[in-house]
Amino acid sequence: MVYPGTLNATTTIQLWGREIKVLQAPSSSPPSSGTLQQKMEETVKPAAAPVDRSPCTSEEDEGEVLEPSRTPPLSDCSGKLFKWTNYFHGWQERFIVLRNGCLSYYKTPNDQTLGCRGALNIRQAVVQAHEFDNCRFDVVVSENIWYLRAETTEERNRWITALKEHKSILESGYGSDGSLRRHGSILSLTSAASLSTASSSSHKTGRALQEKLAEMETFKDILIRQVDTLQSYFDTCAETLAAHKAESHRSENGGMDADSDEDMDVDLTLVRDRTALDSDVSHIPMEVQLQHAHHGPDFKGEAITFRATTAGLLETVRHCMDLMSQREDALKRRLEKEVERRKRTETMYRETTEVVRSLQEQIQKQRVYGSPDYEEGPQSAIKEDEFFDAVETTLDKVDKEFEEKSTQDVPKAAVPADSLAMKTQLTTISPAQADDIWEEIEQVTSEQFKYALLGVGEGGWQLFNEDGEMKMYKREEEKDGLVVDPLKAQHCVRGFTAHEMCHYFFSPDVRMEWEFTVDSMKVIERLRDDTMIFHQIHKRVWPAAQRDALFWSHMRKWDGKENVQNHHDDKLVPVNSWIVCNHSVEVPPVPTGKCLRVILTISLTCQTFIDANVAHLPREQISRDQITTKIIYCATVNPGGWAPASVLRAVYKREYPKFLKRFTQYVKEQTDHKPVLW
């Protein structure tokens, strides 16, 4: 405890984080009684100076500067993976590099010096292992998705582990260049910049400061009264000391001066009366008063200094409050501007949200899937109804293209460039293979001809479509889980012969004119003029994979009793029968590439009839109006791969009748102004 005395020492206190030096007067001998000291401590208890700390500051290390953390080493990872590109190119081999939290890919390792073809930030990526494919994993960043596939499960797991390690290290905050230095107190009186970080609760803070300022005013008044009390006490002690010295002097002089004695008695009486009146001094022993009188300072001077100091502190606090009020007004103005800006932003956000929602609805209606999960397969993520809608959309698009192509003026005699090159790109099969194929051709063609002339009521046929003279029958069958519904169609058309119908169905020179579902066609082997081996690639119907077919095609005229079989119309006379039979073959071998091989057996059997009233006339005198051709189309197609059964049956029901109508119309247009080919 420091006692009053001469101002010859200093001490340092903390006030709102600021060091303030205060002059103190240490006493060589403490008072023997602590009554006044205890009373003063009970009356005025100094409050702890508030030390404001920023949220980053702790009591133990306030003012300490933290150095930026160093980035731990990130292990690089690189290697070859298969990346899904698109539906046309599928999975392609790419060189993938994971370095410094960035996943990039190149076409080859040598392309690293030329720049990457794409990159992802691993910190924001989501790494997902595929649910079914043990070698595949996906890396997703917002709407950007990389579908990757390793050669082995161990390779995939190695990549997933490396990606997750990079992501965890980046998310932990390592590698940031930002400094973690401590910031100053918000209310620091020594930092003008700290005022710019005033919190949004400035109104509450100003009110609290007003309350603290009022408390300080009260404490100042209490301290001034206590200084007055101490001054009175030490004045009494001084008078007591003077009286005590006078009495001692009189005792030493033996009472020689009567006047002096009388004055001394008067002084002692005044001191006793004053001491008696002062309740705070009356109980203090005379020895203590005399001791305090020897060390009593000039409390009036100290009181003036104290008043000046407290007035300066209070004025500083008022100035700080004025600054905070000004800052609060500025913040209020900024807040009003921010509120206006936020209202405008919310309005723009609502408008943008409406636009995005409408676009999403449009995209949902025209849904396009971009990942390999939405292609054909038993694990396809497309629902059966969505699969059907996608097929319908693609078929409608193909029909539209065909109609636009049909409206153009294309020379009928034009031969496709592909068909001209076909004759010069033939392969050769061995004699043994040729013999096997001829045996198969004879057997399958005979079976298909007899099969076509059977009554439709036999074998469980069901009528599923009827359009005028055209009637279509089917049997629902599945082979190895795939729909291979046999189909049989009957149609009667006037104006051309069976030979003409089969000629256009067989000839490779005109096939691309009526076969709009084929992308390309090649003649692989020409065995005879009436027998060829074809390879054709069909147009893709998304989401099903693209198909191709390798088959022999044989055309012949059929003579015999079968010509008149099942014929009960007396108004028509049968003339001849023709058949074109297509059947899948494996030789010569042709790679499938990215296509799925279709296994098919298709026959087009046609019978020519003429009106009975002109049967006696020579063939040259019979007009096309007197010729009727009965068409029997039989097809059994195994599409390969996988697709929902309901979708395949819907496609068969839609496409087969459409094909027959278009083909017969094409033959009629081609033969309308030409001589009859019997």
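The values are calculated or read from the model by the stated rules, or taken from the named source; none is laboratory data. From a predicted model like this one, the values you see are computed outputs, not experimental measurements. Cβ coordinates were reconstructed from backbone atoms using ideal geometry, including for glycine residues, and neighbour counts include every protein chain displayed. Areas reflect the complete protein model, heavy atoms only, side chains present, ligands, DNA and RNA absent. Shrake-Rupley method; radii C 1.70, N 1.55, O 1.52, S 1.80 Å.
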Task: Any hit, the range 564-579, residues being acidic (Asp, Glu) and at pLDDT below 85 - done: yes
Val523 vs (1) out of contact with any Asp or Glu (no Cβ under 9 Å at 6 or more places or on another chain); (2) at pLDDT below 90: all pass except (2)
Just one listed residue, out of His89, His166, is closer than 30 Å to Gly593 by Cβ and not small (Gly, Ala, Ser), and it is His89
All conditions in (1) open to solvent by 80 Å² or more (accessible area, probe 1.4 Å); (2) more than 30 Å from Gly377 (Cα to Cα) are true of Gly101 except (1)
When (1) at pLDDT below 80; (2) open to solvent by 60 Å² or more (accessible area, probe 1.4 Å) are applied to Leu74, the one that fails is (2)
- request: Would you be able to say whether some residue in the range 605-626 is within 22 Å of Lys539 (Cα to Cα), touching a residue at least 12 places away in the same chain (Cβ under 8 Å) and open to solvent by 20 Å² or more (accessible area, probe 1.4 Å)?
  value: no
Scanning the range 539-559 for residues that are under 36 Å from the mean Cα position of the chain (by Cα) and not in a loop (DSSP other than H, G, I, E, B) gives Arg547
If you go through Arg540, Arg556, Arg547, the only one that is over 29 Å from Leu677 (Cα atoms) and modelled with pLDDT of 90 or more is Arg547
Within the range 137-158, the residues that are of a type outside the set (Ser, Thr, Tyr), part of a loop (DSSP other than H, G, I, E, B) and farther than 15 Å from Ser371 by Cα are Ala150, Glu151
- Residue check for Arg225: charged (D, E, K, R), modelled with pLDDT under 55 and surrounded by fewer than 15 Cβ atoms within 10 Å (Cβ to Cβ): no
Here the residues within the range 583-604 that are open to solvent by 20 Å² or more (accessible area, probe 1.4 Å), under 47 Å from the mean Cα position of the chain (by Cα) and either under 17 Å from Cys502 (Cβ atoms) or among the β-branched types (Val, Ile, Thr) (or both) are Val590, Thr592, Ile599
Filter the range 81-90 for residues that are over 22 Å from the mean Cα position of the chain (by Cα) and free of Cβ contacts under 8 Å to residues at least 60 places away in the same chain; the one that is most open to solvent (accessible area, probe 1.4 Å) is Phe88
Out of all the residues in the range 644-665, is one or more buried (at least 17 other Cβ atoms within 10 Å of the Cβ), not charged (D, E, K, R) and not in a helix (DSSP H, G or I)?
yes
